[in-house]
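Here is the structure we will look at, set down as structure tokens.
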Amino acid sequence: MSNPDLSSSALPLYLQISETLIREIAAGRLVDGERLPPERELARQYGTTVRTLRKSLSELEQQGMLERIQGSGNYVRATQSGRSVYSMFRLELPGGGGLPTADILSVHDMEKPGDLPDFGTSNRGTRIRRLRYLDDIVIAVEEIWLDGDAGRVDPAKLSESLYHYYQKQLGFWIRRAEDRVSIGVVPDWAPDAFRKSAGTTVGYIERLSWSQDRAPVEFSRTWFDPDQSIYIQRLT
């Protein structure tokens with residue numbers, strides 16, 4: 001089981017731990033029936049208190065992904081019904097799992113350029129560029145466009161999960177997304193930390209995302225390092 005540095009995420013620590021465990025279970029790195037290490041040991045691994053850890057485990061228990069047996073321990077109950085903040089984040093470490101985090105590179109309200117597909121109802125949008133990590137390993141750069149009529153983005157309140165931000169701050173949620181996975185070349189704005197220079201061929205994802213309305217409200221494109229991450233789509 002991986003033990004990422006959880007200190008840099010904007011999510012509360014107990015959610016970071018539960019999200020990490022959910023992704024470990026989804027990736028098969030924690031299997032059905034497996035007994036987790038004792039709570040004091042787990043708390044030490046994640047650099048937290050037993051009280052905070054128990055709050056994380058309660059999240060998994062409520063989702064049916066953990067069974068807590070008095071006097072015996074905590075047991076994984078693998079299920080596809082678990083809800084994750086990052087349930088639509090399809091990139092994982094080559095061995096599976098990994099806690100997603102992000103550095104915001106820029107946020108701009110601007111007119112949509114002509115190379116974007118048709119989405120939303122406004123000719124303007126918010127462009128967000130980010131550097132993405134899994135367990136503190138740089139794995140991708142991404143550019144997200146949110147339609148101008150969907151709401152105004154406050155950079156100071158953005159978190160690793162934009163979908164979580166949309167729901168909590170803008171009052172809508174993403175119901176579904178369509179991904180097109182291919183290859184692309186690293187854009188010239190990618191920072192040196194990405195370790196793939198501009199023009200290098202890498203994995204590439206284009207995504208249209210729909211809210212509770214009929215029209216897509218978001219378009220994103222992600223350039224990911226295939227040496228550090230893989231795209232995973234699990235069928236249930």
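The values are calculated or read from the model by the stated rules, or taken from the named source; none is laboratory data. Keep in mind that what you see is a predicted model, and the values were worked out from it rather than measured. Here the Cβ positions follow ideal geometry from the backbone for every residue, glycine too, while neighbour counts run over all protein chains shown. Please note that ligands, DNA and RNA were not included when accessible areas were found on the heavy atoms of the full protein model with its side chains. Shrake-Rupley method; radii C 1.70, N 1.55, O 1.52, S 1.80 Å.
The figures follow:
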{"quantity": "Extent along principal axes [Cα atoms of the range 148-236; Å; largest to smallest]", "calculated": "38, 36, 20"}
{"quantity": "Computed helical MRE - 222 nm, the chain, DSSP H runs ≥ 4 contributing -39500 (n - 2.57), nearest 500", "calculated": "-4500 deg cm²/dmol"}
{"quantity": "Sequence of ASP154, ASP188 from largest to smallest accessible area, 1.4 Å probe", "calculated": "ASP188, ASP154"}
{"quantity": "On Cα atoms only, tilt of 50-62 relative to the major axis of the chain in degrees", "calculated": "70 degrees"}
{"quantity": "Solvent-accessible area of ILE205 with every protein chain in place, 1.4 Å probe, in Å² to the nearest 10", "calculated": "10 Å²"}
{"quantity": "Residue of ASP192, ASP136, ASP115 that the Gaussian network model of the chain assigns the largest fluctuation, springs spanning Cα pairs under 10 Å", "calculated": "ASP115"}
{"quantity": "Separation of the SER87 and ASP149 label points, Cα + 7 Å toward Cβ, nm", "calculated": "2.8 nm"}
{"quantity": "Inter-label distance for SER106 and ARG124, nm, one decimal - labels placed 7 Å from Cα along Cα-to-Cβ", "calculated": "1.8 nm"}
{"quantity": "Contour excess over end-to-end distance, with Cα ends at ILE137 and TRP189 and 0.36 nm allotted per residue", "calculated": "16.8 nm"}
{"quantity": "Burial ranking of peptide ranges 129-135, 60-66, 226-232 (average Cβ count within 10 Å, highest at the top)", "calculated": "129-135, 60-66, 226-232"}
{"quantity": "Solvent exposure ordering (accessible area, 1.4 Å, most first) of SER182, SER209", "calculated": "SER182, SER209"}
{"quantity": "Ordering of 71-78, 141-148, 99-106 by burial proxy (mean other Cβ atoms within 10 Å per residue, highest first)", "calculated": "141-148, 99-106, 71-78"}
{"quantity": "D_trans [Stokes-Einstein, Kirkwood Rh over alpha-carbon pairs] for the chain, 25 °C, 0.890 mPa s, µm² s⁻¹", "calculated": "130 µm²/s"}
{"quantity": "Accessible area, probe 1.4 Å, largest first, for residues LEU170, LEU42", "calculated": "LEU170, LEU42"}
{"quantity": "Nearest 10 degrees, 0 to 90: helix 13-26 Cα axis against the chain principal axis", "calculated": "90 degrees"}
{"quantity": "Mean-position separation - Cα centroids, the range 168-236 and the range 21-36, in angstrom", "calculated": "26 Å"}
{"quantity": "Computed FRET value (nearest 0.05) for ARG180 with GLU61, which takes r as the C-beta separation and R₀ as 41 Å", "calculated": "0.65"}
